[in-house]
């Protein structure tokens, strides 16, 4: 088992390893990593939080894609309806409330312009306990899937990941640089799952 070296196209996982839901799997994965006990106490908490944020973002992104492809995506709504959608996905609005009527996609742009990156996580939000279905991120594909790249962006197949690599590379390498521990846990969990199937 060799973790991704960051130079080649990263591994693709047919199903997202549920390490942030499965305590036993998480403990086993940490035991495989060098200095597992130290990592657990000093760094793993940060990795869990980042993965928790990733789950929330994927849920929000999936719901937005579903809305954009439906009649609801064309409807003008208040900021409150957008805020309800954000809250449902585990976030709290951390920007000035907008006025008037816009589509949900326009409210999303407004949210981003107003500082969505500083939005706080909603306390007490129940994290989904099953593998989340998302849409493939390669432009023009859009297949519903539960497969991911090591950085947890959704791709329905290794071929779609390969075809989109030039567009995806910068983001994937940034995730690797900022959260290498979480990627190691992700990769190790998948190895453990695969070896028992």
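The values are calculated or read from the model by the stated rules, or taken from the named source; none is laboratory data. Just so it is clear, the structure is predicted and the values come from calculations on it, not from any experiment. Don't worry about glycine lacking a Cβ; one is built from the backbone with ideal geometry, like all the others, and counts go over all protein chains shown.
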Quiz item: Quick one: which helices (runs of 4 or more DSSP H) sit completely within region 1-77 and have at least 2 residues that are under 30 Å from residue 142 (Cα atoms), modelled with pLDDT of 80 or more and touching a strand residue (DSSP E or B) at 6+ places or on another chain (Cβ under 8 Å)?
Solution: 45-68
Practice problem: Examine region 143-164 for a residue that is in a helix (DSSP H, G or I), at pLDDT below 90 and surrounded by 13 or more Cβ atoms within 10 Å (Cβ to Cβ), and state whether such a residue exists. | Solution: no
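Matching residues to (1) assigned to a strand (DSSP E or B); (2) at pLDDT 80 or above; (3) farther than 29 Å from residue 31 by Cβ; (4) in contact with a helix residue (DSSP H, G or I) (Cβ under 7 Å, 6 or more places away or on another chain):
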| site | (1), (2), (3), (4) |
| --- | --- |
| 85 | no, yes, yes, yes |
| 98 | no, yes, yes, yes |
| 132 | no, no, no, yes |
| 171 | no, yes, yes, no |
| 189 | no, no, no, yes |
Practice problem: Can you run down the residue pairs with Cβ atoms below 8 Å, 6 or more apart or on separate chains, where the first is in region 77-94 and touching a residue at least 40 places away in the same chain (Cβ under 8 Å) and the partner is not in a helix (DSSP H, G or I)? | Solution: none
